[in-house]
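One structure is given here, and the rest of the page talks about it.
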Ligand SMILES: Nc1ncnc2c1ncn2[C@@H]1O[C@H](COP(=O)(O)OP(=O)(O)OP(=O)(O)O)[C@@H](O)[C@H]1O
Ligand SMILES: O=C(O)C1=C[C@@H](O)[C@@H](O)[C@H](O)C1
Ligand SMILES: [Mg+2]
């Protein structure tokens, strides 16, 4: 079985997936890390050298291969993965999908501290960031809300969030 975590940048996919995979003894795959490993470049380097369109192709290829896996895997997706091609359909057909919800405020708090490794927001000022997140999240929510399960992450500890996921999936 594959469990996919989806949601906006900073919602906690990487962080929560680590704790969840340890708890239920599943292998952890972070799609961004997997794309970096395969291409021997960081995510910002791929955006810079190859462009976003090429990044989305590499992301789709890696996604397809991982979802075909027979193993027990927690898959932490990229923030934009559900939005391109028919990725969300593929994710729902081949995994249990969980949307980690977070408010614009929460996302702003978490992202303003670490913009550099996220090329889509690296050059946006802290002043403009909340408005950017609000608009971008609104567009993406159409895709994220197709997930089979949804968990709120505002003002909650990672352990509490993981507990809710485990209960929702009867693991
Ligand atoms: N429930 C939480 N409470 C407090 N801080 C959190 C929580 N979840 C995540 N964080 C922190 O928020 C930051 C962003 O989390 P993380 O890197 O896991 O996001 P992400 O969804 O993987 O983002 P991206 O899509 O850009 O890879 C990290 O510093 C992480 O430690
Ligand atoms: O939200 C997005 O489109 C992205 C999120 C990150 O996980 C990376 O996949 C990349 O920075 C793009
Ligand atoms: Mg991540």
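The values are calculated or read from the model by the stated rules, or taken from the named source; none is laboratory data. Because the structure is a prediction, the values reported are computed rather than measured. Cβ: placed from backbone, ideal geometry, glycine included. Neighbour counts: every protein chain shown.
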- Query: Across segment 1-49, which residue is surrounded by the most Cβ atoms within 10 Å (Cβ to Cβ) among those that are part of a strand (DSSP E or B) and within 12 Å of ligand 2 (Cβ to nearest atom)?
  - Reply: 6
- Looking at 46, 24, 35, which one is within 29 Å of residue 168 (Cβ to Cβ) and in contact with a helix residue (DSSP H, G or I) (Cβ under 6 Å, 6 or more places away or on another chain)? 35
- Task: Select, from 53, 91, the only residue that is surrounded by fewer than 15 Cβ atoms within 10 Å (Cβ to Cβ) and modelled with pLDDT of 95 or more.
- Result: 53
- Task: Could you tell me which residue of segment 88-108 is nearest to residue 64 (Cα to Cα), considering only residues that are within 16 Å of ligand 3 (Cβ to nearest atom) and in a helix (DSSP H, G or I)?
- Result: 91
- For segment 135-171, the count of residues that are under 20 Å from residue 78 (Cβ atoms) and in a helix (DSSP H, G or I) equals 13
- Within segment 92-101, is there a residue that is in contact (Cβ under 8 Å) with a residue 40 or more places away in the chain, out of contact with any strand residue (DSSP E or B) (no Cβ under 8 Å at 6 or more places or on another chain) and closer than 30 Å to residue 157 by Cβ? yes
- Residue count, segment 76-88, condition out of contact with any helix residue (DSSP H, G or I) (no Cβ under 6 Å at 6 or more places or on another chain) and in contact (Cβ under 8 Å) with a residue 12 or more places away in the chain, comes to 2
- Task: Answer yes or no: is there a residue in segment 66-80 that is surrounded by fewer than 17 Cβ atoms within 10 Å (Cβ to Cβ), more than 15 Å from ligand 3 (Cβ to nearest atom), at pLDDT 95 or above and assigned to a helix (DSSP H, G or I).
- Result: no
- Query: more than 16 Å from ligand 3 (Cβ to nearest atom) and in contact (Cβ under 8 Å) with a residue 60 or more places away in the chain: does that describe residue 2?
  - Reply: yes
- Message: Going by what's in this entry, would residue 58 be described as at pLDDT 95 or above, within 14 Å of ligand 2 (Cβ to nearest atom), assigned to a loop (DSSP other than H, G, I, E, B) and farther than 29 Å from residue 154 by Cα?
- Response: no
